[in-house]
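As structure tokens, the structure follows; a few thoughts come after it.
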Amino acid sequence: MTEILRADNLRKSYDGFLAVDGVSFSVRQGELKALIGPNGAGKSTCFNMLTGQLKPSGGEVHLEGTRITGRPPREIWRMGVGRTFQITGTYRSMSVIENVQMALISHHRRIFTFGPRAWKLYRDQALEFLRTVSLEDQADRPCSVLAYGDLKRLELAIALCHRPRLLLMDEPTAGMAPAARIELMQLVADIVREQGLSVLFTEHDMDVVFAHAHHIMVLNRGALIADGSADEVRRDPRVQEVYLGG
Ligand code: ADP
Ligand code: MG
């Protein structure tokens, strides 16, 4: 499988404290990969270095062979690294489909020129994205009345509008009930399979991770202690030590 993203010896120090200490890994095309590890292990710090939100203290990141280390977030996003944001990013008073239309218009950089025609054109496209996340029957409802799980689906649809090559999801199922978590990640897994998208996500619920991730990386105190298939990671004594409180 083609490598989409590669991180080499990535490091981040906060005032001398090494939150991420020499992490190397890759994400391949069509791969759903989990980054797990205890609280404070450095997962969000890693994500923020991949998206450009944080400048690495050392190391390099390549996206499909192009060095993106230290580039501004907007540029990295334009190059195809998407991320889901907490749903506060949606316009609560607008309808579900209007939020997706806004994302499409922004993606096509038509924000200053759009009129009724563009709006109509993007409505059809937006409906397609809502179908992808099974939200088409909620299209004309205001976001403010959506259930939490449906807002998460909307968040995913909005991220997909920007046609990412790699989608980063930091704790996408936070605040959800166990069954809803499995369901949301099942949806993500379906999209990965159908569209060849690559997804890197963090998740606390091990049932979700082992149910859906193709590969799992384990971060502990800023260092990767495992990177492999679910079976390899489950059997790894160092992982068991970290997770079973050894
Ligand atoms: P995780 O996402 O795995 O829970 P984080 O990447 O958020 O871990 O944090 C890794 C470590 O870096 C933690 O010890 C945290 O306290 C520290 N840290 C995170 N952000 C900052 C910051 N802006 N300034 C100083 N320390 C930070
Ligand atoms: Mg975090």
Could you grab me the full set of residues in the range 29-83 that are more than 16 Å from ligand 2 (Cβ to nearest atom) and among the small types (Gly, Ala, Ser)? GLY30, GLY52, SER57, GLY58, GLY59, GLY65, GLY70, GLY80, GLY82
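Does VAL96 count as β-branched (Val, Ile, Thr), under 26 Å from ALA174 (Cα atoms) and assigned by TED's automatic domain parsing to the domain that holds ALA230?
Details: β-branched (Val, Ile, Thr): yes; under 26 Å from ALA174 (Cα atoms): yes; assigned by TED's automatic domain parsing to the domain that holds ALA230: no.
Considered against the rule, which asks whether it is β-branched (Val, Ile, Thr), under 26 Å from ALA174 (Cα atoms) and assigned by TED's automatic domain parsing to the domain that holds ALA230, VAL96 comes out as no.
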Exactly one condition in (1) away from ligand 2 (no atom under 16 Å from the Cβ); (2) among the hydrophobic types (A, V, I, L, M, F, W, C); (3) surrounded by fewer than 19 Cβ atoms within 10 Å (Cβ to Cβ) is not met by PHE17; state its number. (1)
Quick check on this structure: which one of VAL209, VAL188 is out of contact with any Lys or Arg (no Cβ under 7 Å at 6 or more places or on another chain) and within 16 Å of ligand 2 (Cβ to nearest atom)? VAL209
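Go through the range 183-246 and tell me which strands (runs of 3 or more DSSP E), entirely inside it, have 3 or more residues that are surrounded by fewer than 20 Cβ atoms within 10 Å (Cβ to Cβ).
Working: elements: 198-202, 215-220, 223-229.
Passing ranges, in order: 223-229.
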Pairs, please: C-beta under 7 Å, at least 6 apart or cross-chain, first residue among the aromatic types (Phe, Trp, Tyr) and in the range 123-150, second surrounded by 14 or more Cβ atoms within 10 Å (Cβ to Cβ)? PHE129/VAL100; PHE129/ALA157; PHE129/LEU160; PHE129/CYS161; TYR148/MET176
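The values are calculated or read from the model by the stated rules, or taken from the named source; none is laboratory data. All of these numbers come straight from a predicted model, not from anything done at the bench. Cβ coordinates were reconstructed from backbone atoms using ideal geometry, including for glycine residues, and neighbour counts include every protein chain displayed.
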